[in-house]
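Since every read-out is calculated from the coordinates, none of them should be taken as a lab result. As the structure is a computational prediction, the values presented were derived from the model and not from experiment. Counting neighbours? That spans all protein chains shown, and the Cβs are built from the backbone with ideal geometry, glycine included.
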C-alpha cells in the first residue's frame, strides 16, 4: 500500500502542468510579408506569435575578395596539344581568383507554400518554426 502511494506521488510530480507541454505541429506558409502560417489546417498565426529558427531564415555567407594588387592568381588562355584517343584538345580560359567565389546561400527564407514543422511553446502563446519539411532546395 505504501509503495503504491509513493509511486502515485512520483507520477504526479513528474507530470507537466496542463497546457505547458510542447507539441509538434505542421503548417503551411500563407504569406511572407507579413509572415503568416496556417497550422494544422485549423488556424493562422502571424509573425508576432512566431519564433524563427536559423534554418528558415535567409542566411548568406559572404566570401571576401582580395585586393587585385594584394593577391591574384591568373591562368592565361591557352590550348593544349592534341592527344588521346580519339585525338582532341582542351582550351583553358583566363581565370581570375578575385571573382571566383560568389556569396553562398546557406539557407533560403520562407516562401508561400512551404510546409514547416512547428513547436507550440509558452503555453500555446508562441510557435517556434523549426524547419521546412522539404529540407534544402
Quiz item: At a Förster radius of 41 Å, what calculated FRET efficiency corresponds to the Cβ-Cβ distance of residue 48 and residue 9, to the nearest 0.05?
Solution: 0.50
Quiz item: If you rank 48, 38 by fewest surrounding Cβ atoms within 10 Å, what's the result?
Solution: 48, 38
Exercise. Just grab the label-to-label distance for residue 134 and residue 61, each label 7 Å out from Cα along the Cβ direction, in nm (one decimal).
Key: 2.3
Quiz item: So for 111, 132, fewest C-beta neighbours within 10 Å to most, what's the order?
Solution: 111, 132
